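Input: a single structure, listed below in C-alpha cells.
The numbers here are math on the coordinates, done by the rules we state, and not lab data. Note that this is a predicted model, so its numbers are computed, not measured.
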Amino acid sequence: MSIFDSLGQRPQMMNPMQMLQQIQSNPIAMLRQRGLNVPDGMNNPQQIVQHLLQSGQISNTRLQMVMQMLGRK
C-alpha cells in the first residue's frame, strides 16, 4: 500500500485525451496548474505561446515536442 492509499489521496493521473480535453476547455487554468505564469486576459493561443517562450518558461525544443505530439509541425 502506498502512502497516497493510506492517506486516501491518490494523485489523479490523466491520460493524453483527458489532458487534451482539459487544455481545450480551459487552457489558462491548465497552464497555471502546471506552474506556468500566464497574464490575466491573455486568451490568444499564439500570444500565450509567445509569452511563454519570451519569458523563458518553456523552451523552443519543448514547444516543438508538444507540437509533434499534437500532430502539428
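Descriptive notes on the structure:
- Largest-first principal axis extents of the Cα set of the range 10-69 (Å): 34, 26, 19
- Centroid-to-centroid separation of the range 50-73 and the range 13-41 [C-alpha atoms, Å]: 14 Å
- Across the range 62-67, rounded Karplus estimates of 3J(HN,Hα) from the backbone phi angles (6.51 cos²θ - 1.76 cosθ + 1.60, θ = phi - 60°) give 5, 4, 4, 5, 5, 4 Hz, Gly and Pro being marked x.
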